[in-house]
Amino acid sequence: MNSPSEPVIAVDRLVKVYKTAAAVGGISFRLEPGSITGLLGGNGAGKTTTIAMIMGLVTPTSGSVRVLGAEMPRQRHHVLHRMNFESPYVDMPMRLTVRQNLTVFAMLYGVENVDERIMTLAEQLDLIELIDRPCGKLSSGQKTRVALAKSLLNAPEVLLLDEPTASLDPDTADWVRGRLENYRKERGATVLLASHNMSEVERLCERVIMMKRGHIEDDDTPVNLLARYGRETLEEVFLDIARGRGEAREAAQ
Amino acid sequence: MTISARNHIVFSPHRISAMVLRYWYLLRSSWPRVLELIYWPMVQMLMWGFLQLYLSENAGFFARAGGTFIGAVLLWDILFRGQLGFSVSFLEEMWARNMGNLMMSPLRATEFVAALMIMSIVRLAVGMVPVSLLAIGFFGFNLYGMGLALGAFFANLILTSWAVGILVSGLILRNGMGAEGLAWTIMFLLLPLACVYYPVAVLPWWLQIVSWSMPPTYVFEGMRSLLIENVFRPDLMFQALALNAVYFAAAVVAFLRLVDSARNNGSLMQTGE
C-alpha cells in the first residue's frame, strides 16, 4: 500500500480531545522503515492515546495518522495484519493455555502453519515448558513473554509497544529488550516504544520523542538530546522537560 | 512464516472460527460454566412442570392445555439463554481484559458478532438439550414433538435474542462495565410484555399494541395455538420473522455505531466502569 519512499508511520497535526480535556494537542512525526523510536513522557503525556490512534483504536479529533499508507482508523483493516502491539495493560484470556491463546491469535492474524510458528516463537522466547499451562498460572515475567510471542506471531512490519517491561524485574526486562532488539534487526521492523523507563529507551532507541501534556517537547537522537540539555542520562533530560527546565535552559542559551 | 491472503477478506470464516475456538477452549476448561448453562433451565423447567401437573389435576382447562407451561418455559429459555449466551461470551472478553487485543487485531466487528451468535447456539444446546430430555422423562412433555413448528419457534426466538444481545454488547462497549447489568436483566422486560405464560388478550388494549410489536409474542401465541388447539399458525411466524428482520438489522447498525462511538471517546482502550 505504501511506496518505499513513504514513512511507515506518518502522524500529522494529530489532536485528540476527550470532552473538554485535550489528551494529544497537535503532534506531528514520521517514522522511517526499520527505525526504532521511543515515545517518552510522564503520566498523562498522551503516549498511550497516541499509540491507540496509530493502532486505529481511537479516532483522532483532527489531524491524521497513516500507517503503511493506510489512513487510521478508516482503512485499518488494510494494514492491521501487518502490525501488532504489546502492552501490560491488556491481558490474554487466563483460562486458556499459552498454546491455545497463541493459536487463536495466529488464526485471527491469518498466520499460515500455525503450529510451526507457535513452536518457533516458543523456542525463541523460552516458552516451551509453559506452552500447555493456563496463562492465569504464569508469573508476570512469563506473561510478558507470552504477550511478546503474541505480538510477534504475524512477524509484524510495525510493532507498537506500550511500556513492554513495566512491572518486570531487571533481569527479565533486560531479556525482553534483547529479544526486541534481535527481532527489529532480523525483520527490519519499525518499532515505536512508549515507556517511562529511560535506560530502556537509551539502550533500544535511535530516536526519542519527548511528550508532555499532549505535545512534543523535543525530538532527536539520544546523543543529541544529552548534548543539547548538557546531561549525562536521558532520565535527567526527562526531568528537565517534565519540570520545565528545558524551556528555561533554551531561553538562557 | 507467511501471512494468508485471508486477511483481505471482508467477512472471514477463518477469523470467526478462531473466535469460536477461543470460546470453546474456555467452555471446556471450566466445568462451573457448563453446569451453569444447565442449572437454571432445569430448575425453571421442574418448577413450572410441577405447577402444571398440579393445575392439570385440579382444573379442566389446564388438563386440556397440557404442556403449555413447560412449553412456554422451554421456549422462554431459548429466548433468554440465547441472549445470555451471546452476551456472556462478549462479557468474557471484558472480564479477561482481552478486548484491546481483539480490537487491534484484523478481526472485524461483524465477524465478532457472527462468532458470538454461533456461541450462543452452542451454549444454548449445552443447556437446553439435556433439560428438554429431562422434560420428557419427568412430565412426558416432548418439545421435539412440535416438529417443524419448533424450528419456526426456535428461529424467531434466537433472532430476537441475538438482536437484544448485539444491542446490549454495543452499549457495554460504549459505556463500560457499568452497563453490564443490562446483559442480565434486559430480557426480563420482555417476559410480561411478550405474554410468555398467558395470552395477549389478557393485557389492556394499549399494552396489546406494545406486545404485538415484539416478535416473541407471535411465537408464544403460536405455541399456545399448537398445544391447545392443535393448529400451527404460519401467519404468526411470518409476522414474527418480518419484525425480527427489522430489529436484527437495526441492532447490527446500532452496534456498529456504538463501536464507532466507543472508538471516538476512547472507551475501547478501557474495560472498566
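The values are calculated or read from the model by the stated rules, or taken from the named source; none is laboratory data. Note that the structure is predicted; figures quoted are calculated from it, not measured. Neighbour counts run over all protein chains shown; Cβ positions are idealised from the backbone, glycine included. Remember, those area values only see protein heavy atoms, side chains included, never the ligands or the DNA or RNA. Shrake-Rupley method; radii C 1.70, N 1.55, O 1.52, S 1.80 Å.
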When restricted to B:PHE220, B:PHE255, the only residue away from chain A (no Cβ under 14 Å), buried (at least 18 other Cβ atoms within 10 Å of the Cβ) and closer than 28 Å to B:ARG97 by Cα is B:PHE255
Answer yes if at least one residue in the range A:131-148 is among the charged types (D, E, K, R) and at the interface with chain B (Cβ under 8 Å from one of its Cβ atoms), and no otherwise.
no
Hits in the range A:120-139 - residues which are open to solvent by less than 60 Å² (accessible area, probe 1.4 Å) and either of a type outside the set (Ser, Thr, Tyr) or in contact (Cβ under 8 Å) with a residue 24 or more places away in the chain (or both):
A:LEU121, A:ALA122, A:LEU125, A:LEU127, A:LEU130, A:ILE131, A:PRO134, A:CYS135, A:GLY136, A:LEU138
When residues of the range B:86-133 are limited to those that are part of a loop (DSSP other than H, G, I, E, B) and touching a residue at least 60 places away in the same chain (Cβ under 8 Å), the one most open to solvent (accessible area, probe 1.4 Å)
B:ARG97
Pairing a residue in the range A:171-194 that is closer than 18 Å to A:LEU40 by Cβ with any residue that is open to solvent by 40 Å² or more (accessible area, probe 1.4 Å) and assigned to a helix (DSSP H, G or I), where Cβ atoms lie under 7 Å and the two sit 6 or more apart in sequence or on different chains, gives A:ARG177/A:ARG203; A:VAL191/A:ARG184; A:ALA194/A:THR48
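Matching residues to (1) among the aliphatic types (A, V, I, L, M); (2) within 18 Å of A:THR144 (Cα to Cα); (3) in contact with a strand residue (DSSP E or B) (Cβ under 9 Å, 6 or more places away or on another chain):
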position	(1), (2), (3)
A:ALA22	yes, no, yes
A:GLY26	no, no, yes
A:VAL58	yes, no, yes
A:TYR109	no, no, yes
A:ASN113	no, no, no
Hey, can you tell me all the residues within the range A:60-86 that are under 20 Å from A:ALA189 (Cα atoms), out of contact with any helix residue (DSSP H, G or I) (no Cβ under 7 Å at 6 or more places or on another chain) and either open to solvent by 10 Å² or more (accessible area, probe 1.4 Å) or of a type in the set (Gly, Ala, Ser) (or both)?
A:ARG66, A:GLY69, A:GLU71, A:ARG76, A:HIS77, A:HIS78, A:ARG82
With the condition kept exactly as written, say whether any residue in the range A:161-169 is assigned to a loop (DSSP other than H, G, I, E, B), under 13 Å from the mean Cα position of the chain (by Cα) and of a type in the set (D, E, K, R).
yes
Kindly evaluate A:VAL11 against the criterion of being in contact with a Phe, Trp or Tyr (Cβ under 6 Å, 6 or more places away or on another chain), part of a strand (DSSP E or B) and more than 8 Å from chain B (Cβ to nearest Cβ).
yes
Please go through the range A:230-245 and pick out each residue that is charged (D, E, K, R) and surrounded by 14 or more Cβ atoms within 10 Å (Cβ to Cβ).
A:ARG231, A:GLU235, A:GLU236, A:ASP240, A:ARG245
In the range A:105-119, which residue that is at the interface with chain B (Cβ under 9 Å from one of its Cβ atoms) and free of Cβ contacts under 8 Å to residues at least 24 places away in the same chain is most open to solvent (accessible area, probe 1.4 Å)?
A:GLU116
Look through B:PHE248, B:PHE238, B:PHE232 and report the one residue that is out of contact with any Asp or Glu (no Cβ under 7 Å at 6 or more places or on another chain), free of Cβ contacts under 8 Å to residues at least 12 places away in the same chain and away from chain A (no Cβ under 13 Å).
B:PHE238
Can you find even one residue in the range A:41-53 that is outside any strand (DSSP E or B), crowded, with 18+ Cβ neighbours inside 10 Å and touching a helix residue (DSSP H, G or I) at 6+ places or on another chain (Cβ under 8 Å)?
no
Name the residue that is farthest from the chain's Cα centre (by Cα), counting only residues in the range A:23-53 that are farther than 20 Å from A:THR165 by Cβ and at the interface with another protein chain (Cβ under 10 Å from one of its Cβ atoms).
A:ALA23
Residues (without any contact (Cβ under 8 Å) to a residue 12 or more places away in the chain and either under 12 Å from A:PRO60 (Cβ atoms) or part of a strand (DSSP E or B) (or both)) located in the range A:14-40:
A:TYR18, A:ALA21
Looking at A:GLY56, A:GLY63, can you tell me which residue is of a type outside the set (Phe, Trp, Tyr) and away from chain B (no Cβ under 14 Å)?
A:GLY63
Checking A:ILE128 against (1) among the β-branched types (Val, Ile, Thr); (2) within 21 Å of the chain's Cα centre (by Cα); (3) more than 8 Å from chain B (Cβ to nearest Cβ); (4) under 30 Å from B:ARG28 (Cα atoms), which test does it fail?
(2)
Selection from the range B:114-127 of residues that are away from chain A (no Cβ under 14 Å) and touching a helix residue (DSSP H, G or I) at 6+ places or on another chain (Cβ under 6 Å)
B:LEU116, B:MET117, B:ILE118, B:SER120, B:ARG123, B:LEU124, B:VAL126, B:GLY127
In the range A:87-102, which residues are at the interface with another protein chain (Cβ under 7 Å from one of its Cβ atoms) and either open to solvent by 30 Å² or more (accessible area, probe 1.4 Å) or out of contact with any strand residue (DSSP E or B) (no Cβ under 7 Å at 6 or more places or on another chain) (or both)?
A:VAL90, A:ASP91, A:MET92, A:PRO93, A:MET94, A:ARG95, A:GLN100
